[in-house]
Structure formats: C-alpha cells, structure tokens
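Structure incoming, see below.
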Amino acid sequence: MMTDRMKYIEVLSKTAKTVKEFNEDAPIKISLECIEDILELMKEQEAVEPYQHDAVWICGNCDKEEVGWDDPITGEEIRYPFCRECGRSVKWDA
C-alpha cells in the first residue's frame with residue numbers, strides 16, 4: 001500500500017502546484033475512487049487502541065505483537081508508540 005500512498009501524494013502535490021500557479025480559486029475535479037482510496041490510506045494511519053491480555057498489551061490492529069506491559073519488578077509501565085509487527089501507532093490515551 002506504500003506505493004499507493006506515494007502515488008497519491010505525488011498526484012495531489014502536482015495538482016496543488018498547478019492550481020496555485022494558474023488560479024487558486026479554480027475548482028478541481030477528483031474522482032470518487034481517488035477520494036475513497038485517499039480516505040482508506042488515511043484511516044490506515046490512525047492510531048489503534050491496544051487491549052490487555054494478562055500482563056501485556058497487544059496491538060489492536062494485528063493482534064500479534066506485544067506493544068506494552070507492566071514490569072513486575074520495578075512496576076514501570078513499558079509502552080511502545082507503535083506496533084513492531086504492523087507499524088500502526090498505538091493510542092495509549094484512550
């Protein structure tokens with residue numbers, strides 16, 4: 001999906017540059033498919049809420065990776081800002 005992301009960044013950047021150069025008030029057309037693809041890419045970047053399983057916190061997206069735990073010896077809360085498996089950021093303030 002990274003190539004889709006880069007493709008849309010390039011398309012939108014070129015479109016914005018062209019509109020700025022010629023007429024900032026000019027309306028632009030964008031296909032519904034393009035809008036839906038961009039929205040999907042944006043949703044994929046949203047932080048996910050972890051869930052607790054025993055003493056560890058698991059990624060709420062992939063369910064595969066531990067993204068945090070409470071150290072039983074020190075009592076310290078270990079929290080990763082993102083999942084090492086799927087790359088999604090983790091929403092700890094939920």
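Rule-based calculations on the coordinates, nothing more; no lab input. The shown structure was predicted, so the numbers you read here are calculated from the model rather than taken from an experiment. Cβ: placed from backbone, ideal geometry, glycine included. Neighbour counts: every protein chain shown.
Give the longest segment of the chain that steers clear of trypsin sites (Lys or Arg not before Pro) in DSSP loops with at most 14 neighbouring Cβ atoms within 10 Å, not counting the sites themselves.
30-63
Return 19, 48 ranked ascending by Cβ neighbour count within 10 Å, so the fewest neighbours appear first.
Placing the least packed residue first, the sequence is 19, 48.
Could I ask something else about it? Could you please state, rounded to a whole Å, how far the C-alpha centre of region 67-88 is from the C-alpha centre of region 1-61?
27
Sticking with this one: Could you check which residue among 37, 63, 54 shows the biggest mean-square fluctuation in a GNM of the chain with a 10 Å Cα cutoff?
Of the options given, 54 has the highest mean-square fluctuation.
Report the GluC sites (Glu not before Pro) located in region 56-94 that are in a DSSP loop and have at most 13 other Cβ atoms inside 10 Å of their Cβ, or state none.
Loop-located and lightly packed - 76.
Out of 34, 59, 83, any idea which swings most in a Gaussian network model of the chain, alpha carbons joined below 10 Å?
So, out of 34, 59, 83, the one fluctuating most is 34.
Also: Determine the dipole magnitude for the chain: charges of +1 sit on the beta-carbon of Lys and Arg, -1 on that of Asp and Glu, nothing else is charged, the reference point is the Cα centre, and the result goes in debye to the nearest 20.
Its charge dipole is roughly 560 debye.
Give a quick list of GluC sites (Glu not before Pro) in region 20-58 that DSSP marks as loop, anything other than H, G, I, E or B, with at most 11 other Cβ atoms within 10 Å.
Filter output for region 20-58: 24, 46.
Pick out, from 78, 38, 52, the residue whose Cα sits farthest towards the positive end of the charge dipole of the chain, with +1 on the Cβ of Lys and Arg and -1 on the Cβ of Asp and Glu.
38
Moving to a separate point now. Report the Stokes-Einstein translational diffusion coefficient (µm² s⁻¹, integer) for the chain, Rh taken as the Kirkwood radius over Cα pairs, at 10 °C with viscosity 1.306 mPa s.
99
What is the order of 69, 92, 57, fewest Cβ neighbours within 10 Å to most?
Fewest-to-most ranking of 69, 92, 57: 92, 69, 57.
Still on this model: Starting from the Cα-Cα distance between residue 9 and residue 84, subtract it from 0.36 nm times their residue separation and give me the gain in nm to one decimal.
Between residue 9 and residue 84, full extension yields 24.5 nm more.
Output needed: Cys residues of the chain lacking any neighbouring Cys C-beta below 4.7 Å, sorted by number.
34
Further question on the same structure: In whole Hz and in residue order, list the ³J(HN,Hα) couplings for region 9-18 that follow from phi through the Karplus curve 6.51 cos²θ - 1.76 cosθ + 1.60, θ = phi - 60°; x for Gly and Pro.
Per residue, the Karplus-derived 3J(HN,Hα) values read 4, 5, 4, 5, 5, 5, 5, 4, 4, 4 Hz.
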